[in-house]
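The values are calculated or read from the model by the stated rules, or taken from the named source; none is laboratory data. What you see is a predicted model; the values in this text were computed from it and never measured. Every residue, glycine as well, gets a Cβ built from its backbone with ideal geometry; the counts of neighbours run over all protein chains shown. Just so you know, the surface numbers come from the protein's heavy atoms only, side chains and all, with ligands and any DNA or RNA stripped out. Shrake-Rupley method; radii C 1.70, N 1.55, O 1.52, S 1.80 Å.
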Amino acid sequence: MSANIDIWPERVNRKGPSRVAKTRVVITGAGMGGLAAAIHLASKGAEVTVCERAPTPGGKMRQVSVGGAMIDAGPTVLTLKGVFESLFDDAGETLSHHVRLLPCSTLARHAWSESARLDLHADRAASADAIARFAGPSEAARYLGFCRDAARTWRALEGPFIRQPHPSLKRLLLSSGASGWWALGRANPFASMWRALGRHFRDARLQQLFGRYATYCGSSPFHAPATLTLVAHVEQSGVWLVEGGMYRLAEAMAELAERQGATLRLSTEIRSVDAPRGHVRGVTLASGEQLPAEAVILNADASGVAAGLLGVAAAQAVTLPPRRERSLSAVTWNLVARTKGLALHRHTVFFSRDYKAEFDALFERREVPPDPTVYVCAQDRGDEPGPSPDEPERLLCLVNAPADGDTPGRDPARAARSEAAAFAQLERCGLQVERDPRSMHVTTPHDFEGRFPGSGGALYGMASHGWRSAFQRPGCRTRLPGLYLAGGSAHPGPGVPMAALSGRMAAEAVLSDLASTRR
């Protein structure tokens, strides 16, 4: 499959007129889902107002200032660029005129010790050669088989599941056809991801490497379904660097929304969704101001909505998932520091010595593991690994953490222990970071809870554990007429392109439902 995968829902139940005049829509949250919905609705003539409680757009895609330098503090990897190209194209503009995307030939560098290192490449043959040198030719052959299975899983799920606003198991099976059934059977959706990887690889380090894709949706590879191996195919189909940093994409989307006629109201918090007589009529802001609307799209964590943070009417329209089903949170360190030792890539992963113990700590004991896997994004690096520069460089370091940011009685020393464990892991694998607390910005689950209330700091909505989880994530429509959901906690799930896709689905649902009502 080509690197430019077509995942846009051009063919998903497109009903209603091409333009919707004088339709008022309020969107809460200017993250990827909210901005995508605003662009699409405004381009169709709707009167769109986006209310964002933060002073800047982007949601989880954000920057922080450290020592005078701006550093990406959210997502750092862009895949499925076709999602954004289609969004801009349909609004009459071209993505490349506003955002420069640079393809990665090396996807990531992986380290288990000072000597055990493996680079994955966009070119499948180059990755197979690297794996052959790292783990032997038999593992390289198994890797190529794994890639074929991941591609089949993607093709089986892309149309009937990912691009469907309200997927169900019955619809998936009916629409898959014989070839789709065969591909799904090969994917073994009822097995865990870890078990499926064990059938592909004999080297436990390769299981660990590809099992890490479960964390892309905040889950454990020991409980996530085997179908999540499709993430490997998505990455092999294209990973892109955004010139100027990932936040440039959020800025470009916000600018496009405004050019289409949408109004962005930053530092503006919504207190409640107004729904007299069982139908949405607008929102009330924290200031007391009321904004009338025929539809409201909540680009917010579904758990916070269900917990009543946007009023009783919205809470009754969304099911509150149990706290135990929350996805992972994180502890992150944005810093400007000198490095030496291991030659960093733009994306480098330093693996723990016991992956099972790591996820037992995260999901069973609800604690940051003492031997964590650490992700480092070296934001001044290019596409290829290289030696450390003479000057300090911008870094984002991250370890996974339980989503307990709203739990009372937090351990004040936990952040310090997490930092010590993370940077000790880097040193064990050969990287020294000369960090200065005065040039470092730390974000904990508690901080993420403050930014995204009701989530506990969970960054991906519900964890994708078990085959049923894929069908339990809420869709764009809710039980309250006129109220819709978007963002990483809604279908089709977390991640930059998926959140944007959810916003487009919510916008399409608004257009369809309002057109049907008018008829």
Log entry: pair-distance distribution for the stretch 201-240, C-alpha pairs binned every 10 Å from zero, whole % per bin is 29, 56, 14, 0
Antiparallel DSSP beta bridges within the chain, as percent of all bridges there, nearest 5 | 70 percent
Charge dipole of the chain about the Cα centre (unit charges at C-beta), most positive-ward option of Phe88, Val331, Pro437 | Phe88
Cα atoms only, the stretch 263-329: Rg and Dmax in Å?
-> 12.9, 38
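Under the √(5λ) rule applied to the eigenvalues of the Cα gyration tensor, what semi-axes describe the equivalent ellipsoid of the stretch 20-62? Give them in Å, descending. Mind showing how you got there, number by number?
Values: eigenvalues 85, 20, 7 Å².
Equivalent ellipsoid semi-axes, largest first: 21, 10, 6 Å.
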Model label zone, Val64; criterion: amide N under 13 Å from point 7 Å along Cα-to-beta-carbon; scope the stretch 334-370 | 334-336
Using only Cα atoms, locate the centre of the stretch 275-293 and the centre of the stretch 38-111, then give the distance between them in Å, rounded to an integer.
-> 29 Å
The chain: Rg to Rh, with Rh as the Kirkwood radius over Cα pairs | 0.95
Here, the stretch 26-173 modelled as identical Cα point scatterers in vacuum has Debye log10 I(q)/I(0) at q = 0.20 Å⁻¹ of -1.28
Rounded to one decimal in nm, the spacing of the 7 Å Cα→Cβ label points at Asp360 and Glu255 is 5.1 nm
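What is the magnitude of the charge dipole of the chain about its Cα centre, with +1 placed on the Cβ of each Lys and Arg, -1 on the Cβ of each Asp and Glu, and no other charges, expressed in debye to the nearest 20?
Working: 61 positive and 51 negative charges, 356 e Å.
For the chain, the charge dipole is close to 1700 debye.
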Qualifying GluC sites (Glu not before Pro) in the stretch 68-143, DSSP loop, other Cβ atoms within 10 Å at most 13 | Glu114
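Kyte-Doolittle cut-off 0.0, length cut-off 27 Å along the helix's own axis using Cα: show which whole DSSP H helices in the chain pass.
496-518
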Give, as a single signed number, the net charge of other residues whose beta carbon lies under 12 Å from the beta carbon of Gly430, with Lys and Arg counted +1 and Asp and Glu -1.
-> +2
Identify all lysines with a Cα-Cα distance to Lys22 below 28 Å; exclude those on the same chain that are fewer than 8 residues away in sequence.
-> Lys44
In the stretch 316-371, the trypsin sites (Lys or Arg not before Pro) that fall in loop regions by DSSP, at most 15 other Cβ within 10 Å = Arg353, Arg365, Arg366
About its Cα centre, the stretch 321-445 carries a charge dipole, from +1 on Lys and Arg Cβ atoms and -1 on Asp and Glu Cβ atoms, whose size in debye to the nearest 20 is 280 debye
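Using the C-alpha atoms of the stretch 313-401, what convex hull volume per residue, in cubic angstrom, is computed?
Numbers: hull volume 13.0 nm³, N = 89.
Considering the Cα atoms of the stretch 313-401, their hull volume per residue is 146 Å³.
Can you give me the % of accessible surface on the stretch 220-278 that is carbon or sulfur? Probe 1.4 Å, all protein chains present, nothing else counted. Intermediate results must be reported in sequence, preceding the final value.
On the way: 960 of 2090 Å².
Here carbon and sulfur together make up 46 percent of the probe-accessible area.
Ratio to report: Rg/Rh of the stretch 371-519, with Cα atoms as the point set and Rh obtained by the Kirkwood method; give two decimals. Could you put the intermediate results ahead of the total?
Details: Rg = 20.5 Å, Rh = 18.8 Å.
Radius of gyration relative to Kirkwood radius: 1.09.
So how many Å³ per residue does the convex hull of the Cα atoms of the stretch 260-371 work out to?
Values: hull volume 22.5 nm³, N = 112.
Taking the convex hull of the Cα positions in the stretch 260-371, it is 201 Å³ per residue.
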Alpha-carbon Rg/Rh ratio, for the stretch 462-509, with Rh computed the Kirkwood way | 0.98
Could you work out the helix-only [θ] at 222 nm for the chain, with each DSSP H run of four or more residues adding -39,500 (n - 2.57) and the total divided by the number of residues, to the nearest 500 deg cm²/dmol?
-> -10500 deg cm²/dmol
When only the heavy atoms of the protein chains count and the probe is 1.4 Å, how do Phe448, Phe190 rank by accessible area, highest first?
-> Phe190, Phe448
Ranked order, Arg195, Arg205, Arg163, Arg438 - accessible area, probe 1.4 Å, largest first = Arg438, Arg195, Arg205, Arg163
Tell me, rounded to the nearest percent, the portion of alpha carbon pairs in the stretch 36-103 spaced more than 21 Å apart.
-> 41 percent
